[in-house]
Amino acid sequence: MKYTSPSISDKPLVLYHAVSSYQLLEVILHRMTYHSRERAVLILPDFITQKYPQYKKLVTRRLFNEVYLFPYLHILHREEQQILEDVKLCYEQIIPHPITDFSEIYVAGAHFYFSLYLIQNRMPFHFFEDAAGMLSRSNELYETLAASFPTHARIARKHRLFNGENPYICSVICLKKAQTIDVSGERYVDFSVEEVLQNLPERKRNHLIHFFLKHRLWTKAEAILLTQHFANLNMMSEEEQIRSYKLLRVNILQDVPLIIKKHPDDFLNYRKIFPDAECIKEIFPAELLPYVFWHKPTSIYTFDSTSCENFGNHFLIQKIERKSYAE
């Protein structure tokens, strides 16, 4: 499946790949900052349409020149050689550009199978960390994936696609201040979603936001609760996740006027857990929260959402020790 703009240009081609909401925002901002004059092609997973059925607007709003959906849902987790054949077939059937046509390739969600196609073709590429600070927690990313998709996790770790150490990775793009490992070398490139959003002209920032949201949000809440999709990641059961948030409500958030921003992949019904709270129904990256309210709340509560690494200049962050609420 694909969607392209009708215009044709001889400008150099750059390629982006993204999987999550955060990564989608990140590659949009990176393209706007570094490759606004080149033709930019974006590969998204087919399952992202569940969150963003309006993905074609990435082209009509000129955030990218071409967008293609990669059929990850139809690639079976089996022997690596068979996966490689499937990925090669999918790429060559869906994307009308030979991989060698791209002057630069940027991969967020590098542990997904598209990276195997780049490695097979000996194509250097730039690696985005999975989320802010996750480069330092690459083993956690492996363990989370292995809990649901052990074959996928094993192949990605074999090719060093969690920590960015594959030899075809020419640079590692990360939020340096969020790391607990040494990222001082030239190979590591600092990229702050928070700073880029702040520095965008308001007109451009609003243009980007309108892809995700039609209107600003109104709330009387004093604080935002950022949820996480622990059950969806098999980090705990659904019952355990519900219990954790119930304990949080009783112990810390009992008297706090609250609005809830669910993680895009969190499927719990928080109205049952927080009957007096407002809930944001729209799906968008949490990093946009500083710009989407008419009058924004002052605080954010979360267990350990990586989004908070990009909020320091806008909210008072209240991080809560998850272990105390997971028993």
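The values are calculated or read from the model by the stated rules, or taken from the named source; none is laboratory data. Predicted, not measured: the structure shown is a model, and the values here were computed from it. Cβ: placed from backbone, ideal geometry, glycine included. Neighbour counts: every protein chain shown. We work out accessible area using only protein heavy atoms, side chains counted, and drop any ligands, DNA or RNA first. Shrake-Rupley method; radii C 1.70, N 1.55, O 1.52, S 1.80 Å.
Laid out as a table, the results:
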read-out	value
With all protein chains modelled, accessible area of GLU165 [1.4 Å, Å²]	100
Placed amide H near MET236: partners under 5 Å, 5+ positions off or other chain	ALA231
Sorted peptide list for 96-103, 222-229, criterion being average Cβ within 10 angstrom, highest first	222-229, 96-103
Local net charge near LEU141, Cβ-Cβ under 13 Å (Lys/Arg +1, Asp/Glu -1)	-1
In order through the range 212-218: 3J(HN,Hα) via Karplus (6.51 cos²θ - 1.76 cosθ + 1.60), integer Hz, x for Gly, Pro	8, 10, 7, 9, 5, 9, 10
Cα-based shape type of the chain, given that a ≥ b ≥ c are square roots of the gyration tensor eigenvalues and the cut on a/c is 1.5	prolate
GNM flexibility winner over the chain from LEU89, LEU25, LEU288 (Cα, springs under 10 Å)	LEU89
Placed amide H near ILE173: partners under 5 Å, 5+ positions off or other chain	PHE127, PHE128, GLU129, VAL189
Cα-based shape type of the range 113-166, given that a ≥ b ≥ c are square roots of the gyration tensor eigenvalues and the cut on a/c is 1.5	oblate
Estimated vicinal HN-Hα couplings, Hz - the range 245-259 in sequence order (Karplus 6.51, -1.76, 1.60; Gly, Pro = x)	6, 5, 5, 5, 4, 6, 8, 10, 9, 4, 10, 9, x, 10, 10
Heavy-atom accessible area per residue - the chain, 1.4 Å, Å²	48
Cut-off under 5 Å, modelled amide H: who pairs with LEU42 long-range	TYR16, GLU66, VAL67, TYR68
The chain - percent relative contact order, Cα under 8 Å, separation 6 or more	15
Cross-link table LYS204/LYS272; LYS246/LYS319; LYS176/LYS319; LYS220/LYS262, entries beyond 26 Å C-alpha to C-alpha	LYS204/LYS272
Sum of -39500 (n - 2.57) over DSSP H runs of 4+, divided by residues of the chain (222 nm, nearest 500)	-8500 deg cm²/dmol
Cα gyration tensor, the range 1-153 - rounded (a/c under 1.5), prolate or oblate	prolate
Full-extension gain in nm, LYS272 to ILE119, via 0.36 nm per residue minus C-alpha separation	50.4 nm
Gaussian network model of the chain, Cα within-10 Å springs - most flexible of GLU143, GLU239, GLU92	GLU239
For the range 110-126, Karplus couplings with θ = phi - 60° (6.51, -1.76, 1.60), whole Hz, Gly/Pro x	5, 6, 6, 5, 4, 4, 5, 5, 5, 5, 4, 9, 6, 9, x, 8, 8
